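Asker: Could you have a look at this structure, given as structure tokens, before my questions?
Readers should treat all values here as calculations from the given coordinates under stated rules, not as data from a laboratory. Computed from a predicted model, the values in this text were never measured in an experiment. Every residue, glycine among them, receives a Cβ derived from its backbone with ideal geometry; neighbour counts consider all protein chains shown.
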Amino acid sequence: MALFKKKQVQELSIEDIQLPEHIGIIMDGNGRWAKKRGLPRSAGHTAGAQTFRKIARYCSDIGIKYLTVYAFSTENWRRPSDEVDALMRLFKDYLQEAIRDFKDDSIVLKFIGDRSAFSPELLSLMNENEEESCDRDGMVLNIAMNYGGRAELVTAIREMANEVKDGSLSPEDISEELVSQHLYTKGQPDPDLIIRPSGENRTSNFLLWQSAYAEYVIMDVLWPDFTKEDLNQALIEFAKRNRRFGGV
Ligand code: IPE
Ligand code: IPE
Ligand code: MG
């Protein structure tokens with residue numbers, strides 16, 4: 001009875017609240033999930049990849065317009081090579097599956113981050129997925145791979161500096177809008193809500209510029225255990241926040 005009541009309250013609330021246009025998720029806690037079960041960290045990443053499939057689909061189903069997931073940071077190369085290799089294999093599996101199975105899907109796939117570090121095989125899968133999905137009209141799914149907010153800003157600054165050097169840009173014309181246009185997320189709205197499972201209270205270099213006024217929801221659940229109900233809970237928490245953007 002109590003459970004039924006909880007479910008009813010949640011369903012009602014999701015329908016009634018204003019949803020964020022853009023959600024970011026730091027998919028964290030795979031390693032701890034595996035450790036708790038006496039499994040290798042790679043098993044946590046496999047489980048986390050399944051959660052990603054489920055939650056991305058759910059976000060699309062409930063009408064979220066943009067979802068950005070943090071899959072691999074510029075700092076994650078510091079991990080042992082067998083763990084990095086396992087992650088690259090998982091990316092490949094997902095990208096092959098996406099090309100094969102998602103033909104009639106409405107999700108637009110984009111990759112944000114520095115691609116130069118990936119194998120030619122992975123690179124061509126990323127390009128193929130983007131090309132295959134770019135004309136769809138559904139949720140934009142940004143997968144952040146070899147992404148770092150600082151590296152993204154360095155790239156943007158370098159591009160603008162080159163434009164100044166070749167005379168196509170004058171320093172006075174550098175504005176917040178122009179900086180945004182030089183980021184991987186150009187043309188997209190900033191994230192409204194950023195969810196971090198696993199309880200860590202830090203950004204870990206995720207969407208540094210874009211998250212200036214994002215609402216953070218930190219949750220104690222590890223990413224492989226993250227459910228649709230957890231997402232609903234984050235959405236309800238977001239809806240209760242009073243976003244002032246510096247005003248009153
Ligand atoms: C997130 O889970 C996945 C990646 C960073 C690729 P972690 O692997 O960071 O899991 P924890 O934080 O060690 O538990
Ligand atoms: C952030 O998690 C990166 C991803 C989830 C892809 P990390 O596990 O790398 O972050 P830290 O090391 O705890 O800050
Ligand atoms: Mg982590």
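Asker: As an exercise, identify the chymotrypsin sites (Phe, Trp or Tyr not before Pro) in the stretch 180-244 lying in DSSP coil whose Cβ has no more than 12 other Cβ atoms within 10 Å.
Answerer: On the way: sites: Y184, F206, W209, Y213, Y216, F226, F238; in loops: Y184, F206, W209, Y213, F226.
Of the chymotrypsin sites (Phe, Trp or Tyr not before Pro), the ones in loops of the stretch 180-244 whose Cβ has at most 12 other Cβ atoms within 10 Å are Y213.
Asker: For D114, D85, D28, D135, what's the fewest-to-most ordering of other Cβ within 10 Å of each Cβ?
Answerer: Values: D114 16, D85 12, D28 21, D135 7.
The most exposed by this proxy come first: D135, D85, D114, D28.
Asker: Provide Rg over Rh for the chain; use the alpha carbon set for both Rg and the Kirkwood Rh (inverse mean inverse pair distance). Display every interim value, and only then the final one.
Answerer: On the way: Rg = 18.9 Å, Rh = 19.4 Å.
Rg/Rh: 0.98.
Asker: I've got another one for you. Please identify which residues in the stretch 31-69 have an amide N closer than 16 Å to a label point set 7 Å out from the Cα of D82, following the Cα→Cβ vector.
Answerer: Backbone N within reach: 31, 34-35, 38-46.
Asker: 7 Å from Cα along Cα→Cβ at both E15 and R100: what's the point-to-point distance in nm?
Answerer: Here the answer is 3.9 nm between the modelled labels.
Asker: Turning to a different aspect of this structure: Whole Å is fine, so just give me how far the alpha carbon centre of the stretch 174-233 lies from that of the stretch 80-152.
Answerer: 18 Å
Asker: How big is the antiparallel share of DSSP beta bridges in the chain, given as a percent to the nearest 5?
Answerer: Percentage antiparallel, nearest 5: 0.
Asker: Right, next: Out of the trypsin sites (Lys or Arg not before Pro) in the stretch 79-142, which ones are loop residues according to DSSP with at most 15 other C-beta atoms within 10 Å?
Answerer: Details: sites: R89, K92, R100, K103, K110, R115, R136; in loops: K103, R136.
Of the trypsin sites (Lys or Arg not before Pro), the ones in loops of the stretch 79-142 whose Cβ has at most 15 other Cβ atoms within 10 Å are K103, R136.
Asker: Magnitude of the Cβ-charge dipole of the stretch 46-175, K/R +1 and D/E -1, about the Cα centre, nearest 20 debye?
Answerer: Values: 16 positive and 24 negative charges, 99 e Å.
Roughly 480 debye for the stretch 46-175.
Asker: What FRET efficiency comes out for the pair R115/R136, r = Cβ-Cβ distance, R0 = 22 Å, nearest 0.05? Provide the component values of the computation, followed by the final result.
Answerer: On the way: r = 21 Å, r/R0 = 0.96.
About 0.55, to the nearest 0.05.
Asker: Okay, next question. Provide, for the stretch 21-240, the number of lysine pairs with alpha carbons under 23 Å apart, each pair being eight or more places apart or on different chains.
Answerer: Going through the stretch 21-240 pair by pair, I get 19.
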